[in-house]
Amino acid sequence: MKLVWLGHSAFRVELPGAVVLIDPFLSGNPKFSGDVAEASRGVTHILLTHGHDDHVGDAPQIARESGAQVVSNFEICMHLQAQGAQSVNPGNTGGTIDCGPFFVSFTPALHSSGTTENGRSIYLGNPNGLVLTPKDGSPTLLHMGDTDIFSDMALIRDLYAPKIGIVPIGDRFTMGAKTAALAVRRFFDFETVVPCHFGTFDVLDQTPDAFVAGLASTILRVETPQIGGEVALA
């Protein structure tokens with residue numbers, strides 16, 4: 001498995017038989033200076049945790065141009081299909097989808113989900129975390145999406161045993177660093193943790209330093225790559 005952070009909550013995951021983009025907020029991201037075409041090269045699947053613009057991002061255009069399959073909740077899939085996505089594969093909280101080289105499972109997240117068009121709010125279903133379970137034996141990955149801490153995170157651990165955790169830490173719209181570190185320590189048995197959703201905008205925490213410090217007493221590998229950088233996995 002190859003995991004690349006593209007900034008904010010966007011990641012590229014390369015597996016045998018699949019190239020996956022998660023929450024590809026790229027062209028509107030003030031900290032992403034790469035090339036959208038290169039970041040999405042060879043993409044086969046687009047996974048979306050929820051419907052906010054800083055997570056859906058370039059998904060409609062990438063889906064139209066590449067034919068990549070969109071995997072998300074029903075409302076988001078229908079919304080993107082109306083924008084020209086050729087292939088959608090909807091699910092919802094508690095469900096698991098067979099995506100060929102991997103499975104995707106939908107977990108709860110404490111947040112909201114929607115977009116605004118012409119000044120009107122459009123509801124886009126409940127937010128989710130997404131568990132990506134490769135069929136080649138690579139470690140199972142949990143992208144928490146945007147969320148606060150909640151005690152049923154322990155059930156996510158028990159059901160899916162994720163070993164790689166992508167964790168929002170930026171505060172204001174998600175958990176802050178202290179709360180995110182507590183969630184990781186108390187509810188999960190990760191081997192590698194990657195913080196995200198920080199530093200993109202001035203209203204968010206700018207560095208992962210407090211999160212890293214909150215996990216200093218653990219044996220966890222905490223990876224903080226530069227945007228565009230690969231995450232070192234065991």
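The values are calculated or read from the model by the stated rules, or taken from the named source; none is laboratory data. Given the structure is predicted, the values throughout are model-derived calculations rather than measurements. Virtual Cβ from ideal backbone geometry, glycine too; neighbours counted across all protein chains shown.
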Qualifying residue in segment 85-93 (condition: out of contact with any helix residue (DSSP H, G or I) (no Cβ under 6 Å at 6 or more places or on another chain), closer than 18 Å to H45 by Cβ and either touching a residue at least 60 places away in the same chain (Cβ under 8 Å) or buried (at least 22 other Cβ atoms within 10 Å of the Cβ) (or both)): no
Number of the exception - G57 against (1) surrounded by fewer than 23 Cβ atoms within 10 Å (Cβ to Cβ); (2) in contact with a Ser or Thr (Cβ under 8 Å, 6 or more places away or on another chain): (1)
Segment 45-63: number of residues that are over 23 Å from T174 (Cβ atoms) and touching a Leu at 6+ places or on another chain (Cβ under 9 Å): 4
So D23, is it crowded, with 23+ Cβ neighbours inside 10 Å and out of contact with any strand residue (DSSP E or B) (no Cβ under 7 Å at 6 or more places or on another chain): yes
Any hit, segment 213-223, residues being in contact with a Phe, Trp or Tyr (Cβ under 6 Å, 6 or more places away or on another chain), under 29 Å from V71 (Cα atoms) and modelled with pLDDT of 95 or more: no
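Every residue, every condition in (1) crowded, with 24+ Cβ neighbours inside 10 Å; (2) modelled with pLDDT of 95 or more, yes or no:
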| position | (1), (2) |
| --- | --- |
| G119 | no, no |
| K135 | no, yes |
| D146 | yes, yes |
| A180 | yes, yes |
| T200 | no, yes |
| V203 | no, yes |
Unique residue being in contact with an Asp or Glu (Cβ under 8 Å, 6 or more places away or on another chain) and β-branched (V, I, T) when the list is I122, I169, I97: I169
Selection count, segment 151-178, where residues are surrounded by 15 or more Cβ atoms within 10 Å (Cβ to Cβ) and touching a residue at least 40 places away in the same chain (Cβ under 8 Å): 9
